[in-house]
Amino acid sequence: MLPHADDTITRDGKSLILAYDHGLEHGPVDFEPNPKTADPERVFELATHDAVTAIGVQKGLAEAYYIDYEDEMGLVLKMNGTSDLWRGEPDSPVNCSPEYAAELGADAVGFTLYGGSNYETEMAEEFREVQEGARDHDMAVVMWSYPRGQGVRNARDPDTIIYGARIGLEIGADIAKIKYPGSAEAMAEAVEMSGPTKVVMSGGSKADDGAFLRTVEDAMSAGADGLAVGRNVFQRENPIEILDALELVVFEGASAEEALAGTGAGE
Ligand code: FBP
């Protein structure tokens with residue numbers, strides 16, 4: 001299946017989405033380890049790397065930068081997002097319409113769903129409009145499926161994460177982006193539960209090169225379809241090296257050790 005996630009955001013059926021919505025979701029704190037990372041242009045430049053199939057940004061960055069890069073990468077336009085200043089139950093207000101996403105050149109829309117939040121019902125209704133609007137404009141749908149909130153005792157519990165992948169299938173995502181559920185076995189179950197919906201792994205906070213690449217290798221060997229990653233790329237002093245290594249692991253089926261040996265990563 002996957003009628004809408006064609007090779008604009010996948011290559012050989014796999015995706016590496018460079019996510020860069022952290023200035024909204026987490027705030028400038030994510031740029032502190034390396035202040036150069038606050039410059040969106042630097043990250044758009046990184047996304048021209050062969051390993052990257054699409055960039056995932058909010059509409060403000062798409063408006064300001066994507067026009068100069070539209071021939072070089074796909075665009076996953078993030079349709080909702082919350083700042084870290086919000087202190088209520090997990091929620092993510094919609095700030096873009098599918099029509100406007102299409103006008104900006106999006107190949108896919110991105111939508112965060114917090115299953116288990118007290119706002120889950122409203123978010124699912126908002127997702128319906130976004131998902132059907134995306135279909136009208138021939139855009140794929142990438143769901144950041146992150147169960148959390150009052151209904152969720154432990155957001156890191158593998159069963160909870162697997163449930164998130166399944167929600168993506170049931171309500172019409174082409175790609176479900178999930179946190180790594182802790183083991184290759186649990187990732188394999190998430191892949192099985194999501195059927196034709198592709199599953200990509202979320203990058204998480206910055207880990208050392210070897211540990212990060214081993215997790216990506218585990219996810220890929222479990223049947224994942226790639227990753228949507230931010231901090232583990234853009235916070236690095238030499239992000240090109242990790243992108244070289246990710247290209248080998250995600251698209252060439254290399255092991256983490258082979259990728260470390262074949263690139264400058266890990267040195
Ligand atoms: P990372 O690879 O840096 O974790 O980015 C992936 C992502 O989903 C971003 O798109 C988003 O800003 C962030 O993680 C949200 O993470 P959380 O809600 O867990 O703080």
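Remarks
- In order along the stretch 50-62, the Karplus-derived 3J(HN,Hα) couplings, from 6.51 cos²θ - 1.76 cosθ + 1.60 at θ = phi - 60°, round to 4, 5, 8, 8, 7, 9, x, 9, 6, 5, x, 6, 4 Hz, and Gly and Pro are given as x.
- Protection-proxy order for peptides 29-36, 91-98, each taking the mean of Cβ atoms within 10 Å per residue, highest first: 91-98, 29-36
- Helix-only arithmetic for the chain: the sum of -39500 (n - 2.57) across DSSP H runs with n ≥ 4, divided by the residue total, places the mean residue ellipticity at 222 nm at -10000 deg cm²/dmol.
- Placing +1 on each Lys and Arg Cβ and -1 on each Asp and Glu Cβ, with no other charges, gives the stretch 15-263 a dipole about its Cα centre of roughly 760 debye.
- Once backbone amide H atoms are built at 1.01 Å from N, residue 176 has 143, 198, 199, 200 as its partners under 5 Å, excluding neighbours fewer than 5 places away on the same chain.
- Largest-first ellipsoid semi-axes for the stretch 15-263, taking √(5λ) over the Cα gyration tensor eigenvalues, angstrom: 25, 22, 17
- Cut-off under 5 Å, modelled amide H: who pairs with residue 80 long-range: 95, 112
- Here the accessible area of the stretch 135-187 is 43 percent carbon and sulfur, with a 1.4 angstrom probe and all protein chains present.
- Residues of the stretch 183-267: accessible area per residue with a 1.4 Å probe, Å²: 38 Å²
- Across the stretch 257-265, rounded Karplus estimates of 3J(HN,Hα) from the backbone phi angles (6.51 cos²θ - 1.76 cosθ + 1.60, θ = phi - 60°) give 5, 4, 5, 5, 5, x, 9, x, 4 Hz, Gly and Pro being marked x.
- Taking 177, 78, 206 as the candidate residues, the one with maximal mean-square fluctuation in a Gaussian network model of the chain, Cα springs under 10 Å, is 206.
- Using C-alpha pairs under 8 Å with a sequence gap of at least 6, the mean separation divided by the residue count of the chain gives a relative contact order of 18 percent.
- For the pair the stretch 11-58 / the stretch 145-203, the C-alpha centres are spaced 22 Å from each other.
- Ordering of 167-176, 45-54 by burial proxy (mean other Cβ atoms within 10 Å per residue, highest first): 167-176, 45-54
- Number of Lys pairs (Cα under 26 Å; 8 or more positions apart or on different chains) in the chain: 23
- Selection from 242, 190, 46 lying farthest towards where the dipole of the stretch 15-263 points positive, charges on Cβ: 190
- Rolling a 1.4 angstrom probe over the protein heavy atoms with all chains in place gives the stretch 1-90 an accessible area of 45 Å² per residue.
The values are calculated or read from the model by the stated rules, or taken from the named source; none is laboratory data. Only a predicted model underlies this, so the values are computations on that prediction, with no experimental measurement involved. Cβ coordinates were reconstructed from backbone atoms using ideal geometry, including for glycine residues, and neighbour counts include every protein chain displayed. To get the accessible areas, we keep the full protein, side chains included, count just its heavy atoms, and leave off ligands, DNA and RNA. Shrake-Rupley method; radii C 1.70, N 1.55, O 1.52, S 1.80 Å.
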